[in-house]
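What follows is a set of notes on a single structure, which appears directly below.
Please treat every number below as a calculation from the coordinates, not as lab data. Only a predicted model underlies this, so the values are computations on that prediction, with no experimental measurement involved. Here the Cβ is made from the backbone with ideal geometry for all residues, glycine too, and neighbour counts use every protein chain on show.
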Number of protein chains: 6
Amino acid sequence: MVHISRKEHFNAAHKLYNPAWSAEKNTEVFGPCANANWHGHNFELIVTVKGKPDPETGFVVDLKKLSTLIRERVIDKLDHKNLNEDVDFMKGKMASCENLIIEIWKILDKPVTDLTPYGRLYSLRLYETPRNYVEYFGEEE
Amino acid sequence: MVHISRKEHFNAAHKLYNPAWSAEKNTEVFGPCANANWHGHNFELIVTVKGKPDPETGFVVDLKKLSTLIRERVIDKLDHKNLNEDVDFMKGKMASCENLIIEIWKILDKPVTDLTPYGRLYSLRLYETPRNYVEYFGEEE
Amino acid sequence: MVHISRKEHFNAAHKLYNPAWSAEKNTEVFGPCANANWHGHNFELIVTVKGKPDPETGFVVDLKKLSTLIRERVIDKLDHKNLNEDVDFMKGKMASCENLIIEIWKILDKPVTDLTPYGRLYSLRLYETPRNYVEYFGEEE
Amino acid sequence: MVHISRKEHFNAAHKLYNPAWSAEKNTEVFGPCANANWHGHNFELIVTVKGKPDPETGFVVDLKKLSTLIRERVIDKLDHKNLNEDVDFMKGKMASCENLIIEIWKILDKPVTDLTPYGRLYSLRLYETPRNYVEYFGEEE
Amino acid sequence: MVHISRKEHFNAAHKLYNPAWSAEKNTEVFGPCANANWHGHNFELIVTVKGKPDPETGFVVDLKKLSTLIRERVIDKLDHKNLNEDVDFMKGKMASCENLIIEIWKILDKPVTDLTPYGRLYSLRLYETPRNYVEYFGEEE
Amino acid sequence: MVHISRKEHFNAAHKLYNPAWSAEKNTEVFGPCANANWHGHNFELIVTVKGKPDPETGFVVDLKKLSTLIRERVIDKLDHKNLNEDVDFMKGKMASCENLIIEIWKILDKPVTDLTPYGRLYSLRLYETPRNYVEYFGEEE
């Protein structure tokens, strides 16, 4: 079993703001991340597929197809967007990296696994900055 | 004459939008960068001072002091901010990297040069993404 | 369960030297790393917490608080220090990355886990150079 | 148990081409990667050893010795070579990263494990580009 | 005057081989770079334009248009290609980075300068590896 | 005229300490960099040669020979060393990056220029950390 990974990127705005709280409490908890006028990041998303190489191609998954799928399903919905305002699957959720990676998993899990009979989606890694990132392996059963 | 450089970073939201134009023309010219709800980046700013080392310290400029000055004068005004809405020195200007680096120069030129009798501000470099960046050497006379 | 990571850095001197051995044997085993007058590195430390997002904040752990804790407990004791001479928790131990990461774990394990009811310290990664690094997941039971 | 890693690099040419297929089918499946005249990459290989530190040295494995072993056994056979034409252990195999990492494992597994009584080969990571990479942990039993 | 830069990448094979020399002399001069079966690299190309920002857009040049132009004129001819065999503008020339960057300049100079009335092509930088690169500013008059 | 660059690295210890001053004044001016027991860095050195490509090789300078020369003349004297204690050409000088790069220039200028009739040493860049670096172009006449 080999893990194979593809990195894509997107640039987005967001803020950390709980609408059930006062502005003061938001600032107290989230600091400058609660700025009403937003801030933003260059995000990097790494998608990892685990499986066996297809003997005819040597591929667990065709990285060109994987890249296209990630762009169509995820990047096009996030790039140059506002995570709080413009992204249907983040509506009503705190726009944290933790929540974002879980939602990206829900979107990618089936179509990535359907891309290849030789493997399945194994993990996601999402960099918000070079110093802050999250990783997700799906729900543990 | 030695050039010495210090890199700092900030995360900000912006959009490219000319208010003298229709929304359609903005989208035509700026594409997704004109998104009304903003997008954002992890910016990196490199400040370069040119001069001779002070014989007593070996320094053209004390990088700790240079870092503090950059943070107080520039980073604190840009980090976790909206370049179009929150930043006084960008008011009324297109929030492009070209305009931003020129305004940062105006702010830093005198105080950086005042930091040390051994050198002066030589150049700025500003990364919007790892693949897009600008550089500025001040007004040519 | 999401993994969330924060990267910090410190600059330190050290040497690899076993005081039970002759200088010759130290040089034979450790080569230039045994240089009596020390050498040094820009270290990078990545701290990973594993847990569930708090529904009110979207956070497994507040990265600002995690960063402050890592700096106060670890970075302040290592940055611009000599790992063999200046660091209480390395006294009497070989100043290898393997030993250093185990000691950092002992320091961070309880306070990181205490930072959040939603997660616990999961792993540490320590880069000595961009090409040499160690990772530690705590004692296996 | 600590994981310790060493990164090495090599530059090589390859193409993705299944000789059982027509040229048309190869181009259809592999696109520009099937270019008859080859293309190439700067590969990076990370070798990870898992074990306990030797109390006398503080090392799970001596990274100098590990580096030398990787170079002699793997890098010297791949660097400035054509993966399809020049590399004995890739003969008759699709020159994909998935197949290459499995073959590198077969070569390194025993000698890396023999380098140290304190650990064994744990994983390999192979970057074809900064955005495409594979990881391998050996055969699961 | 602001400098603005865009980075693109391509993967290619090449060899360093002077057909006027014997195989022995080629190996003596170029070492493993003369390998008859080629080797390859992940190249990175940075294109820098120097000029004044257009007051209506804030741009010296539209980086989307610059990126498209670089891809159409240069990257499409080099990516997944053999620099010695597949590239018309390198025919009859040593496939060194020095020669390649001079030829890329000849291709890009006029169309990049035509992209914008506010600037002109200023420099190119070409990375063959992260440790080897060339830079070119055009012919000095 | 093409600029061609080669990056090498070394790991070293140093401190910033003016022996003409009291310990208190050293700490006041240099802060933690004055730590009596040293600290250290992973330094990176970039050497740039400017010239015309040799028509027979396509090279301004042979990068293998340039790399060997840099290692023999500079890296071997700095790597795994203490810049204040072990390095003859830094004796009696403040161990700042500014002073170090000037001394490296003095060592490399003639032998680099002698390596090739097609070019001469143009500049040096020295990274102390990814965020602090100096550049030197030789004495201006």
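When the residues of the range B:67-84 are narrowed to those that are in contact with a strand residue (DSSP E or B) (Cβ under 9 Å, 6 or more places away or on another chain) and of a type in the set (S, T, N, Q), which ends up nearest to the other protein chains (Cβ to nearest Cβ)? Going through the qualifying residues, I end up with B:82.
Taking the listed residues F:87, F:47, F:60, the one that is within 23 Å of residue B:53 (Cβ to Cβ), of a type in the set (Val, Ile, Thr) and away from chain C (no Cβ under 12 Å) is F:47, with no other qualifying. For the range F:1-11, a residue qualifies if it is surrounded by fewer than 19 Cβ atoms within 10 Å (Cβ to Cβ) and basic (Lys, Arg), and exactly one does: F:7.
Restricting attention to the range C:12-22, the residues being surrounded by fewer than 22 Cβ atoms within 10 Å (Cβ to Cβ) and not in a loop (DSSP other than H, G, I, E, B) number 0.
Only one of the listed residues (B:26, B:18, B:11) is touching a His at 6+ places or on another chain (Cβ under 8 Å) and polar (S, T, N, Q). That residue is B:11.
Against the definition (at negative phi, touching a Ser or Thr at 6+ places or on another chain (Cβ under 7 Å) and not β-branched (Val, Ile, Thr)), how does residue B:53 come out, yes or no? So residue B:53 fits the description; yes.
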